[in-house]
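Asker: Sharing a structure, written as structure tokens. Questions coming.
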Amino acid sequence: MPSRPHITVDDLRIGYGTRVLMEHTTFQVERGTIFAILGGSGCGKSSLLRHLIGLERQQAGRIDIDGVGEPSQYEGVPPFGVLFQSGALFSSLTLAENLWLPLNRWTPMRGATAHELVQAKLDLVGLGAFAEYLPGEISGGMKKRAGVARALVLEADLLFFDEPSAGLDPISAVELDQLIITLSRDLGITVVIVTHELPSIFLVADNCIVLDKAAKGIVAQGDPRKLRDESEIPFVHAFFTRSSYDVTANPGG
Amino acid sequence: MSVALRTDREGGHATLVPTGSFDLSHATEVTQAVSDAEASLNGCRSVDVDLTQLDRIDGAGAVLLARLLDRLEADGRQASVKGDNPEATRLIALYRERRTILPAPQIRTTNPLTRIGAVVAQLPGKANDAFDFIGRCAVAIPKAAVTPRSVDWRSLPSLMQEIGADALPVTSAANLVVGIIIGLLGISELGRFGANSYVPELVVVAHFRELGPLVTAIVVAGRSGAGLASKMATMKVSEEIDALRSMGFDPVRWLVLPRCLALAVTVPLLTWVGDLLALVGGLVATVVMTDMTPHAYMEGTLKAITASNLLTGLIKAPFLALAIGLIACGQGLLTRGGAAAVGARTTTAVVLAIFSTIVISALFTLFFALMGA
């Protein structure tokens with residue numbers, strides 16, 4: 001019997017005031033998979049992510065995270081971790097202190113045990129030797145990995161990544177992609193990635209949705225490799241093959 | 001669900017059997033169980049961890065078991081996991097293989113003498129930075145005169161508004177209150193000798209020569225100095241200063257000169273307005289607290305206002321303003337790091353600016369005293 005989806009989004013409408021960014025959006029994210037939210041700039045990828053993690057409330061429709069319910073209504077130990085685009089590390093705290101902060105807030109662990117857990121998470125992302133560094137003293141790729149370690153510290157089984165490869169050199173981007181694959185395969189974590197980096201999409205994503213600004217919603221969903229090879233939707237084809245696409249000729253995507 | 005780590009011993013071999021939930025929410029109990037089990041392993045040469053009876057494990061539980069195995073191996077014992085639990089085996093293996101062996105942490109000395117020494121050792125470098133910045137500003141003035149387009153003159157009116165005009169209410173209020181305080185102090189002390197008629201002169205001398213420029217400068221340092229330092233520091237950490245340099249601008253000429261000029265023009269004006277309001281404060285205090293008439297007070301005041309009293313104060317004002325501007329901009333440009341560095345530099349800038357205004361004011365007073373002015 002297939003397990004219950006980790007995330008269910010049903011007939012979602014999101015926007016700000018009278019401006020609708022996305023409507024009639026329905027999709028599911030299966031447990032333990034890597035799911036990509038794709039689309040060009042301004043199509044609402046990051047807005048959708050903000051709704052999925054409960055920072056914004058939708059105008060209509062339903063978001064249900066298994067074991068959490070509606071994320072914007074949830075209170076308590078965060079059941080998912082988030083890696084923000086910039087890493088969003090607290091600049092006045094060392095990497096270890098950044099990880100210790102949620103642990104201190106939500107668990108009774110102190111002292112050597114807390115230190116051991118924090119160090120293990122930093123080791124996991126390859127930053128064990130940088131625990132006492134400030135975010136300003138490490139590179140962009142290291143900041144992202146430290147952000148991943150912080151997102152993992154409360155043992156969430158669901159992680160959200162906002163543009164993880166943005167601003168990284170190709171090697172750092174691939175290293176981060178490998179880390180995402182490790183998290184999914186070895187730790188069984190469900191990963192939702194917002195991105196428009198094609199190499200990253202084809203390397204890590206099991207499944208994806210493609211959003212289009214003009215269509216105000218999903219224009220395709222499925223395995224990104226299959227969509228690249230088989231999709232006949234002009235926008236999707238153009239997106240995956242990096243070819244030019246005339247929006248005015250195809251306003252509906 | 002209870003957590004336990006049972007020890008089954010057979011001679012020199014032991015099997016540790018974890019049961020229950022080895023997860024983040026039970027991490028404290030797991031730590032205790034691991035510690036108790038470890039203490040019971042004296043004399044064991046080999047240890048197995050049997051994962052068959054584990055109900056649940058997550059990263060936290062896996063880390064604690066992985067570190068136990070690491071410590072056992074470091075003690076020279078054979079340590080391994082067994083049992084049909086692929087998820088737990090995989091997690092423990094992941095955390096064991098990704099462990100970083102760190103060098104022993106350096107113990108930081110807390111000896112007070114060492115700390116004093118470390119602070120003193122930094123002073124030449126800091127003094128060098130300060131002189132370097134002052135030198136660059138001094139060189140910027142003739143260069144700006146030669147190439148006026150290298151200075152952002154267009155920002156000057158808005159800077160004067162921001163630094164000067166917007167600060168007028170708070171500097172005026174501060175000077176008014178100081179005028180009242182001097183008046184009350186004069187009435188209290190001079191009144192004992194029946195010398196209340198000297199209160200207007202006391203207010204003029206004390207405020208015009210010393211307190212007017214000083215109070216105004218301190219308020220401007222706290223308000224406008226903090227604003228300038230944080231703005232410059234933010235520009236530095238967000239690479240705007242680097243962008244200016246990359247486009248061929250000299251940040252000292254483009255940013256620092258207009259700000260210092262705006263301060264040098266507006267602070268004397270603020271001081272002058274503050275002096276007038278201090279006179280009003282002294283008048284109100286004296287008229288309310290004594291039988292002196294406003295007319296008599298005004299006469300006493302006009303007699304006390306001499307060119308010497310007025311100018312010794314006003315001459316200081318532009319120098320105090322320059323000190324505030326140079327310190328605020330200099331500290332801002334020295335910022336390195338992220339948002340936290342902006343706050344730290346702003347605090348340093350305000351403290352240094354206030355301290356410098358007091359020292360400069362004292363030096364001027366000493367100079368005028370020596371000159372007999």
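Asker: What's the longest bit of chain A with no exposed GluC sites (Glu not before Pro), using DSSP loop states and at most 14 other Cβ atoms within 10 Å as the test? Can you show the working numbers first?
Answerer: Numbers: sites that count: A:E75, A:E132, A:E232.
Counting at most 14 other Cβ atoms within 10 Å as exposed, the longest clean stretch of chain A is A:133-231.
Asker: Rounded to the nearest Å, what's the spacing between the alpha carbon centres of the stretch B:233-257 and the stretch A:136-210? Just the number, please.
Answerer: The stretch B:233-257 and the stretch A:136-210 have Cα centres spaced 34 Å from each other.
Asker: Evaluate the stretch A:1-93: find the radius of gyration of its Cα atoms, find its Kirkwood radius, and give the ratio Rg to Rh.
Answerer: On the way: Rg = 14.2 Å, Rh = 14.5 Å.
Rounded to two decimals, Rg/Rh equals 0.98.
Asker: Can I ask one more? Which trypsin sites (Lys or Arg not before Pro) does the stretch B:290-373 hold that lie in a coil by DSSP with at most 13 other beta carbons within 10 Å? Write down the numbers at each step before the final one.
Answerer: On the way: sites: B:K303, B:K316, B:R336, B:R345; in loops: B:R336.
Of the trypsin sites (Lys or Arg not before Pro), the ones in loops of the stretch B:290-373 whose Cβ has at most 13 other Cβ atoms within 10 Å are B:R336.
Asker: A further question follows. Other chains near B:22-30: what is the mean number of their Cβ atoms within 10 Å of each residue's Cβ? Don't skip to the answer; put the middle values down first.
Answerer: On the way: counts 0, 1, 10, 6, 0, 9, 6, 0, 1.
Taking all residues of B:22-30 together, the mean is 4.
Asker: Post the alpha-carbon centroid distance, the stretch B:74-140 to the stretch B:280-330, in whole angstrom.
Answerer: Measuring centre to centre over Cα atoms gives 55 Å.
Asker: Under the Kirkwood approximation applied to all pairs of distinct alpha-carbon atoms, what is the hydrodynamic radius of the stretch B:4-97 in Å? Kindly include the intermediate steps, with their values, before the conclusion.
Answerer: Working: mean 1/r = 0.0776 Å⁻¹.
Every distinct Cα pair counted, the radius reaches 12.9 Å.
Asker: Something else: By the scheme Lys and Arg +1, Asp and Glu -1, what is the net charge of all other residues having a beta-carbon under 15 Å from that of A:P164?
Answerer: Values: positive: A:K45, A:K143, A:K144, A:R145, A:R150; negative: A:D162, A:E163, A:D169, A:E175, A:D177, A:E197.
In short, -1.
Asker: List the lysines whose alpha-carbon lies under 24 Å from that of B:K316, not counting same-chain residues fewer than 8 positions away?
Answerer: Output for B:K316: B:K303.
Asker: Shifting gears a bit: Projected area of the stretch B:1-55, taken from the Cα convex hull and averaged over every viewing direction, in nm²? Before the final figure, lay out each step's value.
Answerer: Working: hull surface 14.0 nm².
In nm², the orientation-averaged hull projection of the stretch B:1-55 is 3.5.
Asker: Note the direction-averaged projected area, equal to a quarter of the hull surface, for the Cα convex hull of chain A, in nm². Could you put the intermediate results ahead of the total?
Answerer: Working: hull surface 59.0 nm².
Averaged projected area of chain A's Cα convex hull equals 14.7 nm².
Asker: Could you give the spread of the C-alpha atoms of the protein assembly as shown along their three principal axes, from largest to smallest, in whole angstroms?
Answerer: The Cα atoms of the protein assembly as shown stretch 101, 78, 50 Å along the principal axes, largest first.
Asker: Same structure again: Tell me whether the stretch A:89-155 comes out rounded, prolate or oblate; compute the Cα gyration tensor, take square roots of the eigenvalues as a ≥ b ≥ c, and use a/c under 1.5 as the rounded threshold. Don't jump to the answer; show the numbers that get you there.
Answerer: Details: a/c = 1.76, a/b = 1.58, b/c = 1.11.
Since a/c reaches 1.5 and a/b is larger than b/c, the shape of the stretch A:89-155 is classed as prolate.
Asker: Next up: Roughly how tilted is helix A:170-187, in degrees to the nearest 10 and between 0 and 90, from the longest Cα axis of chain A?
Answerer: Between helix and principal axis, roughly 80 degrees.
Asker: Among B:S172, B:S25, B:S155, which one shows the biggest mean-square fluctuation in a GNM of chain B, springs joining Cα atoms closer than 10 Å?
Answerer: Ranking B:S172, B:S25, B:S155 by mean-square fluctuation puts B:S25 first.
Asker: Over 19 Å between C-alpha atoms is what I'm after, so list which of B:K143/B:K236; B:K143/B:K231; A:K121/A:K143 land there.
Answerer: On the way: B:K143/B:K236 23 Å; B:K143/B:K231 24 Å; A:K121/A:K143 14 Å.
In this structure, B:K143/B:K236; B:K143/B:K231 exceed 19 Å between Cα atoms.
Asker: Now a separate question. Quick one: helix B:339-371 against the long Cα principal axis of chain B, what's the angle to the nearest 10°, folded into 0 to 90?
Answerer: Orientation of helix B:339-371: about 30 degrees from the principal axis.
Asker: A:G128: net charge of surrounding residues, Cβ under 10 Å, Lys/Arg +1, Asp/Glu -1, itself excluded?
Answerer: Neighbour charge sum, excluding A:G128 itself: +2.
Asker: Hey, what number do you get for chain A at 222 nm if only DSSP H runs of n ≥ 4 count, each worth -39500 (n - 2.57), divided across all residues, to the nearest 500? Please list the in-between numbers first.
Answerer: Values: 8 runs with 87 residues, N = 253.
Value at 222 nm, helices only: -10500 deg cm²/dmol.
Asker: Further question on the same structure: log₁₀ I(q)/I(0) of chain B at q = 0.07, 0.08, 0.12 Å⁻¹, via Debye over equal Cα point scatterers, no solvent, to two decimals?
Answerer: -0.59, -0.65, -0.91
Asker: Lysines within cross-link reach of A:K213: Cα-Cα under 19 Å, excluding same-chain residues under 8 positions apart?
Answerer: A:K45
A short reminder: the numbers here are calculations on the coordinates, not readings from a lab. None of these values were measured; they are calculated from a predicted model. Backbone-built Cβ (ideal geometry, glycine too); neighbour counts: all protein chains shown.
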